[in-house]
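Everything below concerns the one structure shown next.
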């Protein structure tokens, strides 16, 4: 029996690899759709905030690329739909496009170009804008919300407003706007929004007041189990700095004896009241490590339900030391 030569084996291996490659291409040979709704907003004299709507793909979008006149300047994972492009020149015209990428490396065509011009620098502008006032909002069904606020003031001028959800910036609009629509939310969920103003020197204002919105539940979904009316303030107990909390327990069909408390997004402690929790409004003081002015502490909590599972999160509150 004649054995296959080394060259024959290599040829077979090449055929197998080619077949595998062809199979992979057949599995995902389509490029994602072109990203839509691309906007570019100058956030300061040296940065632009680029946003877009999600693309569709038969297997799934894994990332997006932001291009400036055809040259890639940023890449983000598929779940992100915005990015800041920094290090730009003041008083300069730019043009941005966005394209989507899938797991097979297929790239969509670039979006339509969006032009933006960075403002001139303001060397004398060292003070931040005032906080936007009277933030209000409403949930638009189960997956969107509309916000509005009163204009901030600045000694030179406000270039943009940044919308934050639990201390994470999720949207930006021009300094000429006093409202925004936020999409991509989850049904039956409590959201806490704040807004900050920004000027051309990249100074950000303090937070506006916080507004809590609950998106509508989908048909047949259970009622929310989130604690409500969470309030937080800075305090001291025997000279030790604390964040003092109070809230209303959720209606769970039974007494709520335990809560998980999250500080700056991380589980910090479990509050256990025992078999007889206090009636009505509940309070708790959390010891914190710093009392340096300007230190921010963000807190939220959730209750343990009668079946042992953890319920929905409350709205989030942020305490600023000395603020």
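Taking strands (runs of 3 or more DSSP E) as the structural unit, those lying wholly within segment 134-197 and holding at least 2 residues that are at pLDDT 90 or above and either under 19 Å from the mean Cα position of the chain (by Cα) or not assigned by TED's automatic domain parsing to the domain that holds residue 44 (or both) correspond to 144-150, 158-165, 179-183. Determine whether residue 80 is outside the structural domain of residue 184 (by TED's automatic domain parsing), surrounded by fewer than 18 Cβ atoms within 10 Å (Cβ to Cβ) and under 26 Å from residue 149 (Cβ atoms). Here the answer is yes, as residue 80 does meet what is asked. The requirement of being surrounded by fewer than 16 Cβ atoms within 10 Å (Cβ to Cβ) and within 22 Å of residue 79 (Cα to Cα) is satisfied by residue 146.
The criterion of being more than 17 Å from the chain's Cα centre (by Cα), part of a strand (DSSP E or B) and at pLDDT 90 or above holds for residue 230. Yes or no: segment 272-280 includes at least one residue that is buried (at least 19 other Cβ atoms within 10 Å of the Cβ) and either closer than 28 Å to residue 321 by Cβ or in contact (Cβ under 8 Å) with a residue 12 or more places away in the chain (or both). No, that holds for no residue. The strands (runs of 3 or more DSSP E) located wholly in segment 259-323 that include 2 or more residues which are closer than 14 Å to residue 244 by Cα and within 27 Å of the chain's Cα centre (by Cα) occupy 296-303, 317-320.
Matching residues to (1) crowded, with 17+ Cβ neighbours inside 10 Å; (2) closer than 30 Å to residue 249 by Cβ; (3) touching a residue at least 12 places away in the same chain (Cβ under 8 Å); (4) touching a strand residue (DSSP E or B) at 6+ places or on another chain (Cβ under 6 Å):
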position	(1), (2), (3), (4)
162	yes, no, yes, yes
182	yes, yes, yes, yes
186	no, yes, yes, no
207	yes, yes, yes, yes
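The values are calculated or read from the model by the stated rules, or taken from the named source; none is laboratory data. Just so we're clear, the structure is a prediction, and the values are computed from it rather than from any experiment. Methodologically, a virtual Cβ is constructed for each residue, glycine included, from the backbone with ideal geometry; neighbour enumeration extends over all protein chains shown.
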